[in-house]
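Heads up: the structure comes next, in structure tokens.
Any read-out appearing in this document is the output of simple, stated calculations on the displayed coordinates, not a laboratory observation. Being a predicted model, the structure only gives us computed values, none of them experimental. We place every Cβ from the backbone using ideal geometry, glycine too, and count neighbours over all the protein chains shown.
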Amino acid sequence: MANTESKMLPLGTKAPDFILIDAVTNNPVAIKDVRGKKGTVVMFICNHCPFVKHVNDEIVRICNDYRVTGFGFVAINSNDIIKYPQDSPLQMWETARKNDYPFPYLFDETQEVAKAYHAACTPDFYLFDADLRLVYRGQLDNSRPGNGIPVNGRNLREALDNILNNNPQRKDQKPSMGCNIKWKSPLTPEGGTTLL
């Protein structure tokens, strides 16, 4: 597994809009549909990444803990499903059911949404305030597969609590780390492919 860090989209960035299909309901979902009164968490995840599997239970707990306080949550899978069929919408549906995802799980087939968010890895976390301005991006916590640190969601939970308590956000935000997003290989002018 390749260790890739978040690109750290600049704080204050307005959340890019999107309309993507929810793999569970097969309905289109826009950011306005998942937006919370207090804030909105956008997560880039996938089915097969060991970093995502490592934190799945905690992201479900965080969503269940904070959506009742006015936060919206959404997860997006942007991986190339031709090369990685385990990330297909059918597998997304199965993953969401198995893990009891309490949030929409959307498929970014064109990868344009991942590009708009400058997403680089799975998992990658973005917290936007009530005005959809970015206030936190980076890691869930310090835990990684195999490092022995328990998964507790400390960094994201702290950022959510800061909004709830009208406290300033930390400036020293640490990037997330995980598998790189599996980008599609663009066609070259000669009709071949180039590897990213």
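Below are the figures for this structure:
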| item | result |
| --- | --- |
| DSSP-defined beta bridges in the range 4-180 - what % are antiparallel, rounded to 5 | 70 percent |
| Centre separation in Å (Cα based) which lies between the range 51-66 and the range 109-138 | 17 Å |
| Cysteines (scope the chain) whose Cβ has no counterpart Cys Cβ under 4.7 Å | C46, C63, C121 |
| Gaussian network model of the chain, springs between alpha carbon atoms under 10 Å - residue of F73, F18, F107 with greatest fluctuation | F18 |
| Potential extension, N142-R61 segment - 0.36 nm per residue separation minus Cα distance | 27.5 nm |
| Estimated 222 nm signal from helices in the chain, with DSSP H stretches of n ≥ 4 weighted -39500 (n - 2.57), rounded to 500 | -7000 deg cm²/dmol |
| Value of Rg/Rh across the range 4-180 [Cα atoms, Kirkwood radius] | 0.92 |
| Extension gain from K37 to V68, taking 0.36 nm per residue of separation minus the Cα-Cα distance | 10.1 nm |
| Gaussian network model of the chain, Cα within-10 Å springs - most flexible of K171, K115, K38 | K171 |
| Extension reserve of the N165-H118 stretch, reckoned as 0.36 nm per residue once the Cα distance is removed | 14.1 nm |
| Point-to-point label distance, D17-R133, nm (Cα→Cβ direction, 7 Å offset) | 2.0 nm |
| Selected from V68, V42, V52 as most flexible by GNM, with the chain as the system and alpha-carbon contacts under 10 Å | V68 |
| Alpha carbon convex hull of the range 1-99, projected area averaged over orientations, nm² | 7.2 nm² |
| Greater than 31 Å apart at Cα, pairs in K98/K171; K32/K98; K14/K98 | K98/K171; K14/K98 |
| Spin-label model distance (nm) - N99 vs I149, 7 Å beyond Cα toward Cβ | 2.0 nm |
